[in-house]
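Participant: Shown below is the structure under consideration.
Derivation of every value follows stated rules applied to the coordinates shown; laboratory data play no part. For clarity, every value in this text was computed on a predicted model and none was experimentally measured. Cβ: placed from backbone, ideal geometry, glycine included. Neighbour counts: every protein chain shown.
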């Protein structure tokens, strides 16, 4: 009897919400420019498309998991029947053994399909993330000025996170922006980040 199928483990480990949560910060990088808006729109559109694709594949994995569960239950029933059937004839036992072997082969086939689906998902996500990163790299590089960067504060960002991202101290950002309280930055607020 199986405690947890590989499909169950995969679905628990990878859901559409998880993928979107991991990829969303890419689309929300705070630097802005006139070319950046078009890039951001493409990236957001790609994230939505990617989220929909992940949802479709997740549904397919759910179907495979249900098939796997059904087959596993059938195997358990057959194994129990074989143990309990002391008076079963040899031909009946052979039929049960054949059914059990067939079910095990089906489980292997379902598991192989799940592995192929996982590889497709990973390859597709990797390719799309790489493409989005290529789109973001030129836009981010064009925003740099001779003396620093302009950064737009995003939801749940802290001054420490922003400073770490640009490899400067929070004190330099506070000083450059004349912040009275470094803990009270607002979403949408533009900050100058010195080099």
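Participant: For the peptides 174-182, 35-43, what is the packing order when you average, over each peptide's residues, the other Cβ atoms within 10 Å and list the highest mean first?
Facilitator: Top of the packing list down: 35-43, 174-182.
Participant: Can you bin the range 146-195 into rounded, prolate or oblate? Criterion: square roots of the alpha carbon gyration tensor eigenvalues sorted a ≥ b ≥ c, rounded for a/c under 1.5, prolate for a/b above b/c, oblate for the rest.
Facilitator: rounded
Participant: Suppose R0 equals 35 Å; then what is the FRET efficiency for residue 123 and residue 81 from their Cβ-Cβ distance, rounded to the nearest 0.05?
Facilitator: Plugging the Cβ-Cβ distance into 1/(1 + (r/R0)^6) gives 0.25.
Participant: Could you line up 126, 158 from fewest to most neighbouring Cβ atoms inside 10 Å?
Facilitator: Lowest count first: 126, 158.
Participant: When the chain is fully extended, how far beyond the present Cα-Cα distance does residue 93 get from residue 167, taking 0.36 nm per residue of separation?
Facilitator: Taking residue 93 through residue 167 to full extension adds about 19.6 nm, to one decimal.
Participant: Relative to the present Cα-Cα distance, how much length would full extension add between residue 109 and residue 178 at 0.36 nm per residue of separation?
Facilitator: 18.5 nm
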